[in-house]
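As structure tokens, the structure follows; a few thoughts come after it.
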Amino acid sequence: IEYSVDSQLVYCAGAVNMQVSVLYTAALSAGADSTFSASTDALIYTFTKDGQFVNNITYLGGSNEDVAIGLALSRSFVYVSGYTTSSDFPITKLSNGGYPAFDSVYHGGNDGFIAVFSPSLDTLLYCSYLGGDGSDKALTVRAIADSVFCISLASQDTLPETGPDYTVNFADSIFDGNSEAWIGKFSSFNQLAFGTYIGGNNDDLVNDFQLLSDGSIVFAGSTRNITEVNETIPDNTTGQEALFGKIRVP
């Protein structure tokens, strides 16, 4: 479960493989999606800070496995990241009154996703796949402003370079090795302003990141072979190591 707290409510996101209790029927009926898919659905909900009342609940997903991993709050929106194996995930389009998705193509296997809800969880404002032909999971999401956010992916294959392009104003545009981290900054829901790989020629993962006041991103994860810059501790060449870094975002 990922959670975040505003002035009145605690927001949580995770996954559920059964219908929620009938005790929460009223809270669920007001959500953006009150129908459980009979597989694994992402679940987003709120409760009061004293833990006494569940206020809002919504499912999120298609007909297969859907899991929420990250959550962030801006002044007006709730951001949720995760992964899905559903080709019918509720991607938003102009035709259904939403913001068109940055990436509307389901590539197979695990695809990452980003979804944006109203604070009451009754409206899905924006939803997009994130990923390529390999296994992708959207991990951390951080809100900068109402429609500006950063998000990370764990990816096991090259991400698209056209329609859409995932490498924009990058520090590293080359997927190399078995898995790589990717971090992107969106200047609006579906406009990528910065997107870069982080990794070497083996396995690389960014578990979490934070935004600094100067716009830079600091991150932490693991690596098996990455070229260090201004390193404090040299590579011990024995296998997987902890990874810490900082990226200046244009």
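I'd like the carbon and sulfur percentage of the solvent accessible area for the range 41-122, probe radius 1.4 Å, heavy atoms only, ligands and nucleic acids excluded.
Carbon and sulfur atoms account for 50 percent of the accessible area of the range 41-122.
In the neighborhood of ASN202, defined by Cβ-to-Cβ distances under 10 Å, what is the net charge if each Lys or Arg adds +1 and each Asp or Glu adds -1?
-3
Could you rank GLU180, GLU161, GLU65, GLU241 by how accessible they are, 1.4 Å probe, largest area first?
Result, largest first: GLU161, GLU65, GLU241, GLU180.
Taking LYS137 as the anchor, which lysines have their alpha carbon closer than 26 Å to its alpha carbon, excluding any fewer than eight residues away along the same chain?
LYS93, LYS185, LYS246
What are the ³J(HN,Hα) couplings of the range 15-22, residue after residue, when phi is run through the Karplus curve with 6.51, -1.76, 1.60 and θ = phi - 60°? Round to Hz, x for glycine and proline.
Running phi through 6.51 cos²θ - 1.76 cosθ + 1.60 with θ = phi - 60° gives 8, 9, 10, 7, 5, 5, 4, 5 Hz.
Kirkwood Rh over alpha-carbon pairs of the range 29-82, then Stokes-Einstein at 37 °C and 0.692 mPa s: what D in µm² s⁻¹, rounded to an integer?
In µm²/s, the coefficient is 270.
In deg cm²/dmol and to the nearest 500, what is the mean residue ellipticity at 222 nm of the chain if only DSSP H runs of at least 4 residues count, each as -39500 (n - 2.57), divided by the residue total?
Using -39500 (n - 2.57) per qualifying helix, the result is -500 deg cm²/dmol.
Roughly how large, in nm² to one decimal, is the mean projection of the convex hull of the alpha-carbon atoms in the range 97-175?
Here the figure is 6.0 nm², rounded to one decimal.
Can you work out ³J(HN,Hα) from phi for every residue in the range 187-192, in order, using Karplus 6.51 cos²θ - 1.76 cosθ + 1.60 and θ = phi - 60°, giving whole Hz and x for Gly and Pro?
7, 8, 3, 10, 10, 7
For VAL5, VAL67, give the ranking by accessible area with the largest first, probe 1.4 Å.
The residues order as VAL5, VAL67, largest area first.
Based on the alpha carbons, how large is the Rg to Rh ratio for the range 8-54 when Rh follows Kirkwood?
For the range 8-54, the value is 0.96.
Tell me, in nm to one decimal, what length is gained between SER7 and ASP146 on full extension, where the rule is 0.36 nm per residue of separation less the Cα-Cα distance?
48.4 nm
Could you pull out every one of the aspartates and glutamates with an alpha carbon less than 12 Å from that of LYS49, ignoring same-chain neighbours closer than 8 positions?
Qualifying aspartates and glutamates at Cα under 12 Å: ASP6.
Compute the accessible area per residue over the range 1-110, keeping the other protein chains in place, probe 1.4 Å, unit Å².
50 Å²
Measuring from label point to label point, each 7 Å out along Cα→Cβ, what is the SER34 to GLN19 span in nm?
About 1.2 nm, to one decimal.
Compute the convex hull volume of the Cα atoms of the range 27-180, divide it by the residue count, and report the result per residue in Å³ as a whole number.
122 Å³
To the nearest 20 Debye, how big is the dipole of the range 81-166 about its Cα centre, given +1 on the beta carbon of each Lys and Arg and -1 on that of each Asp and Glu?
The calculation lands at about 240 debye.
The values are calculated or read from the model by the stated rules, or taken from the named source; none is laboratory data. Bear in mind the structure is a predicted one, so any value in this text is a computation, not a measurement. We place every Cβ from the backbone using ideal geometry, glycine too, and count neighbours over all the protein chains shown. In case anyone asks, the SASA skips ligands and DNA or RNA and just uses the protein heavy atoms, side chains included. Shrake-Rupley method; radii C 1.70, N 1.55, O 1.52, S 1.80 Å.
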